[in-house]
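Laboratory data are not the source of any read-out in this text; all were calculated from the coordinates shown. As the structure is a computational prediction, the values presented were derived from the model and not from experiment. For neighbour counting, all protein chains shown are included, and Cβ atoms are generated from backbone atoms with ideal geometry for every residue, glycine included.
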Amino acid sequence: MRRLALAMAASILPFAALAQEQEAPPNIIVIMGDDIGWSNIGVYNQGIMAGRTPNLDRMANEGMRFTDYYAEASCTAGRANFITGELPIRTGMTTVGQAGAAIGLPAEAVTIAQALNGMGYATGQFGKNHLGDLNEFLPTVHGFDEFFGYLYHLDAMEDPAHPNYPQDLLDVVGPRNMIHSWATETDDQTVQPRWGKVGKQRIEDAGTLYPERMETVDEEIRDKTLAFIDKARAEDKPFFVWLNPTRMHVITHLSDKYEGMRNSQNGWSIQEAGMAQLDDIVGSVM
């Protein structure tokens, strides 16, 4: 009997240690790039490509590297799949969202942010969303405490900056500006033209995202992310951050710093230079 008791005690100890470890919930940062292939990241291409991604490579070398995965074919479907854990056919998020469309993340879809928010996490989303641009679809009514970012592909955001864009149609079919929003307890009954009822959130227009701003908007997104993390730490709260930088979207614009990295010796294209910027952003956050 004593041996059995000792054996039982020994078997309980690992669980007790595990329980102690779980008393402090882990902080979670998910970084989702745009239009990135496996060959764009050094640890995967093994040096056969021109670019360099030391921060991403370090994460892989010090953590875990996956070599097989399944992904949805479009941006909207893939992001909806991730944040809800559901197949897009269940949420209706099967195609790329367009400006003003009545298609977006449905109210009944439970997000990772909602689940973690209910467990005491501070939840923030920064960068690309693409899950609907009406107020009812914004991240801050789907479990996120704060959102700063944009709601479509970059080419849709820059369309109004083109000289042949019909400006008289901008407020009719044009893209919504960047958004900075926060979840609130107050149900704001204000109805905004095109975007609908505000609801339980505070929304600020964060301005247009035209080519010039695209050069450095990832640094804006990074700074908002770091401010959110600092705030969560100051409040002693675990945090969940979903960071969605613009890089390396097929339509993009580089700042002089990263454009200057391209030369005849290294043979870098806009892809390698843009990935260098993404790698720097990741290094700053991690």
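Would you kindly derive the ³J(HN,Hα) couplings of the range 190-195 from the backbone phi angles with the Karplus curve 6.51 cos²θ - 1.76 cosθ + 1.60 (θ = phi - 60°), listing them in order in whole Hz, with x for Gly and Pro?
After applying 6.51 cos²θ - 1.76 cosθ + 1.60, I find 4, 10, 8, x, 6, 9 Hz.
Can you tell me how the range 151-286 classifies by the Cα gyration tensor, rounded, prolate or oblate, using a/c under 1.5 as the rounded cut?
On the way: a/c = 3.44, a/b = 1.21, b/c = 2.83.
Taking the square roots of the gyration eigenvalues as a ≥ b ≥ c, the range 151-286 is oblate.
Order of ASP155, ASP280 from fewest to most other C-beta atoms within 10 Å? Show your work: numbers first, answer last.
Numbers: ASP155 12, ASP280 19.
Fewest-to-most ranking of ASP155, ASP280: ASP155, ASP280.
Taking springs between alpha-carbon atoms closer than 10 angstrom, which of SER255, SER39, SER264 fluctuates most in the Gaussian network model of the chain?
Checking each option, the largest mean-square fluctuation is seen for SER264.
What full-extension length gain, to one decimal in nm, is calculated for LYS200 and SER74 as 0.36 nm per residue of separation minus the Cα-Cα distance?
42.4 nm
Taking amide H positions as placed in the peptide plane 1.01 Å from N, state which residues far from TRP268 in sequence (5 or more) or on other chains have amide H under 5 Å from it.
Residues meeting the amide H criterion: ASN263.
Skipping prolines and chain starts, which residues have an amide H placed within reach, meaning under 5 Å, of the one on THR123, given they are 5 or more residues away or on another chain?
ASP145, GLU146, PHE240
If eta is 1.306 mPa s and T is 10 °C, what Stokes-Einstein diffusion coefficient results for the range 32-156, Kirkwood Rh from Cα pairs, in µm²/s? Show your work: numbers first, answer last.
Details: Rh = 16.1 Å.
Estimated diffusion coefficient is 99 µm²/s.
Order these by the 10 Å Cβ neighbour count, fewest first: ASP68, ASP35, ASP168.
Values: ASP68 4, ASP35 17, ASP168 7.
Fewest to most other Cβ atoms nearby, the residues stand as ASP68, ASP168, ASP35.
Sort 45-52, 207-214 by the packing proxy (mean of other Cβ within 10 Å over each peptide's residues), most packed first. Don't skip to the end; give the middle numbers.
On the way: 45-52: 14.1, 207-214: 16.4.
Taking the mean over residues of other Cβ atoms within 10 Å, the ranking is 207-214, 45-52.
Short version: ³J(HN,Hα) in whole Hz for each residue of the range 135-150, in order, from phi by Karplus 6.51 cos²θ - 1.76 cosθ + 1.60 (θ = phi - 60°), x for Gly and Pro, what are they?
Couplings: 4, 5, 9, 5, x, 7, 10, 10, x, 8, 6, 8, 9, 9, x, 10 Hz.
So what are the ³J(HN,Hα) numbers for the range 153-163, from phi and the Karplus equation (6.51, -1.76, 1.60; θ = phi - 60°), rounded to whole Hz, Gly and Pro as x?
Couplings: 5, 4, 5, 5, 5, 8, 3, x, 7, 6, x Hz.
Which log10 I(q)/I(0) values does the range 203-280 give at q = 0.25, 0.26 Å⁻¹ under the Debye formula, counting every alpha carbon as one identical point scatterer?
Values, matching the q order: -1.18, -1.23.
Please compute the net charge surrounding GLU215, taking Lys and Arg as +1 and Asp and Glu as -1 over other residues with Cβ under 10 Å from its Cβ.
Values: positive: ARG213, LYS257; negative: GLU212, ASP218, GLU219, ASP256, GLU259.
Net charge around GLU215: -3.
Net charge around ASP35, counting only other residues with Cβ within less than 12 Å of its Cβ (Lys, Arg = +1; Asp, Glu = -1)?
Details: positive: LYS128, ARG247; negative: ASP34, ASP155.
Combined, the nearby Lys, Arg, Asp and Glu give 0.
Quick one: order ASP218, ASP159 by neighbouring beta-carbon count within 10 Å, fewest to most. Show your work: numbers first, answer last.
Values: ASP218 23, ASP159 18.
If I rank by nearby Cβ atoms, fewest first, I get ASP159, ASP218.
Would you please give the residues with an amide H less than 5 Å from that of LYS200, counting only those at least 5 places away or on a separate chain, with H modeled from the backbone geometry?
ASP188
Once you keep just the Cα pairs under 8 angstrom separated by 6 or more residues, what percentage relative contact order results for the chain? Don't skip to the end; give the middle numbers.
Values: 471 pairs, mean separation 64.5, N = 286.
About 23 percent, as a whole number.
Under the classification rounded if a/c is under 1.5, otherwise prolate if a/b is larger than b/c and oblate if not, where does the chain fall, given a ≥ b ≥ c as square roots of the Cα gyration tensor eigenvalues? Please report the intermediate quantities before stating the final value.
Values: a/c = 2.09, a/b = 1.26, b/c = 1.65.
The shape class here is oblate.
Would you please give the FRET efficiency between ILE270 and ASN27, computed as 1/(1 + (r/R0)^6) with r the Cβ-Cβ distance and R0 = 30 Å, to the nearest 0.05?
On the way: r = 33 Å, r/R0 = 1.11.
It comes to 0.35.
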